[in-house]
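The values are calculated or read from the model by the stated rules, or taken from the named source; none is laboratory data. Keep in mind that what you see is a predicted model, and the values were worked out from it rather than measured. FYI the Cβ positions are ideal-geometry reconstructions off the backbone, even for glycines, and counts take in every protein chain you see.
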Amino acid sequence: MSAIELRSLTKVYPGGVTALDSLDLVVPDGEFFALLGPSGCGKTTLLRTIAGLETATSGAVVLGGRDVTGVQPGARDLAMVFQDYALFPHMDVTDNIGYPLRIKKVAKATRGAKAREVGDRLGLGHLMDRRPGQLSGGQQQRVALARVMATQAQAFLFDEPLSNLDARLRLEARTFLKKLQRELGVTTVFVTHDQAEALAMADRMAVMEAGHIRQIGTPAEVFQRPANTFVASFIGSTPMNLLDGHVRGDTLEVAGHPVAVPSSAAGLLTDGEKIVYGVRPEYMSYSADPVDGAFAGKVAIVENLGASHLVTLELGSALVQALVPEGREPAPGHTGYALPRADRSLAYRDGDLVAA
């Protein structure tokens, strides 16, 4: 078993800065788990505390049922890939991959054979004699992955390992990494600030803010039903529309428009109470003609996203965005209508999701 469990984990730096605030988390055996959040939220500190590179102020880190809170990093049986890959520039690929085995006193011939075996599996067979300075970013990343695989650790820890790659290579690398993790079945914790990576790769994910975990769930759960307005505003390649409104009878009034109550909040709202109404641009249908229940406004901006366009409507002081398929995008200055789906819109009370 290689499950990872955190119990009331707290990290306070000198000066009273709380990086982790009594976190509880369980990552089951074999799961690919992503830690997502803005810079400074504590995700890298959390990963380093699991690895033993940071010392917890209080709480416990349990690996495979064993409390390792006071155990040195080298004795935790974990393998970590850093953002800069941490390859030794004076060693060739074979020695870089085999270095963890060298630390474990494995014979040179054995670790060389293991390095070549793992290198071949990752398409590095023809590069084994090169040094990191002679490799591309993608090749260096594979060497770092190969080194992790060679250790045969009970869990993998990744600290933004794709952030130094260009956009196309990042897409290729994340597909490759997810496929590899599934083949190996190794428990993996993956830190990223890139929500697209987390949504595409993770079995489950946690969204962090200021040392707290704001939501844990599958990518679909976090995307479709953000637990609070922070997660709602952070998750999504296009920001969720979050608009102030209030309940008026059996409907909502949002930005001066009558809007249907979200299906998830039906029967849970009180007449007259203030709410924040949320709906993603992906769940808005756009029309050039008037539609009952739609937001009506002037087209302010049209952004080309390739296969679709992001249309921004001005509703007085408020803005509403909708995704429109290519070929149907309006021209700026025209009046447009954006109709939200009641089954995909949400209501938030005091920042938290209103739902049964």
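Structure data summary
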{"item": "Checklist (1) part of a strand (DSSP E or B); (2) of a type in the set (Asp, Glu); (3) in contact (Cβ under 8 Å) with a residue 60 or more places away in the chain applied to residue 197, failing item", "result": "(1)"}
{"item": "Residue, nearest to residue 86 (Cα to Cα), within the range 161-184, restricted to residues that are without any contact (Cβ under 8 Å) to a residue 60 or more places away in the chain and not in a helix (DSSP H, G or I)", "result": "162"}
{"item": "Residues located in the range 130-139, provided they are in a loop (DSSP other than H, G, I, E, B) and either small (Gly, Ala, Ser) or at pLDDT below 85 (or both)", "result": "136"}
{"item": "Condition met for residue 164 (within 30 Å of residue 233 (Cα to Cα) and surrounded by 15 or more Cβ atoms within 10 Å (Cβ to Cβ))", "result": "yes"}
{"item": "Any chance residue 275 is closer than 30 Å to residue 21 by Cα, buried (at least 19 other Cβ atoms within 10 Å of the Cβ), outside the structural domain of residue 193 (by TED's automatic domain parsing) and at pLDDT below 95", "result": "no"}
{"item": "Top-ranked residue in the range 211-250 [being of a type in the set (Val, Ile, Thr) and in a loop (DSSP other than H, G, I, E, B); ranked as farthest from residue 347 (Cα to Cα)]", "result": "218"}
{"item": "Filter result for residue 282 (acidic (Asp, Glu), under 25 Å from residue 356 (Cα atoms) and either outside the structural domain of residue 335 (by TED's automatic domain parsing) or without any contact (Cβ under 8 Å) to a residue 40 or more places away in the chain (or both))", "result": "no"}
{"item": "Residue check, residue 259 among the hydrophobic types (A, V, I, L, M, F, W, C), not assigned by TED's automatic domain parsing to the domain that holds residue 19 and not in a loop (DSSP other than H, G, I, E, B)", "result": "yes"}
{"item": "Check on residue 293, in a loop (DSSP other than H, G, I, E, B) and under 28 Å from the mean Cα position of the chain (by Cα)", "result": "no"}
{"item": "Residue in the range 115-129 that is assigned to a loop (DSSP other than H, G, I, E, B) and buried (at least 23 other Cβ atoms within 10 Å of the Cβ) present", "result": "no"}
{"item": "Odd one out for residue 340 among (1) over 18 Å from residue 243 (Cβ atoms); (2) modelled with pLDDT of 95 or more", "result": "(1)"}
{"item": "Answer residue from the range 238-257, given it is of a type outside the set (Val, Ile, Thr) and touching an Asp or Glu at 6+ places or on another chain (Cβ under 9 Å) and is nearest to residue 226 (Cα to Cα) among those", "result": "245"}
{"item": "Near pairs, Cβ below 7 angstrom, 6+ apart or cross-chain, from the range 212-228 (under 19 Å from residue 40 (Cβ atoms)) to any residue that is of a type in the set (Asp, Glu) and surrounded by fewer than 19 Cβ atoms within 10 Å (Cβ to Cβ)", "result": "212/21; 228/352"}
{"item": "Residue list for the range 252-287, restricted to those being on the phi > 0 side of the Ramachandran plot and either aliphatic (A, V, I, L, M) or in contact with a Pro (Cβ under 8 Å, 6 or more places away or on another chain) (or both)", "result": "255"}
{"item": "Candidates 253, 314, 303 - the one that is among the acidic types (Asp, Glu), in contact with a Lys or Arg (Cβ under 6 Å, 6 or more places away or on another chain) and either assigned to a strand (DSSP E or B) or in contact (Cβ under 8 Å) with a residue 60 or more places away in the chain (or both)", "result": "314"}
{"item": "Which listed residue is within 27 Å of residue 235 (Cα to Cα), at pLDDT 90 or above and of a type in the set (A, V, I, L, M), from 61, 17, 71", "result": "17"}
{"item": "Residue 7, sole failed condition from (1) within 23 Å of residue 193 (Cα to Cα); (2) in contact with a strand residue (DSSP E or B) (Cβ under 7 Å, 6 or more places away or on another chain); (3) among the charged types (D, E, K, R)", "result": "(1)"}
{"item": "Per-region count, the range 10-50, residues among the hydroxyl-bearing types (Ser, Thr, Tyr), in a strand (DSSP E or B) and free of Cβ contacts under 8 Å to residues at least 60 places away in the same chain", "result": "3"}
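A quick yes/no check of all residues on (1) in the same structural domain as residue 33 (by TED's automatic domain parsing); (2) polar (S, T, N, Q); (3) in contact with a Cys (Cβ under 6 Å, 6 or more places away or on another chain):
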{"site": "215", "(1), (2), (3)": "yes, yes, no"}
{"site": "221", "(1), (2), (3)": "yes, no, no"}
{"site": "224", "(1), (2), (3)": "yes, yes, no"}
{"site": "249", "(1), (2), (3)": "no, no, no"}
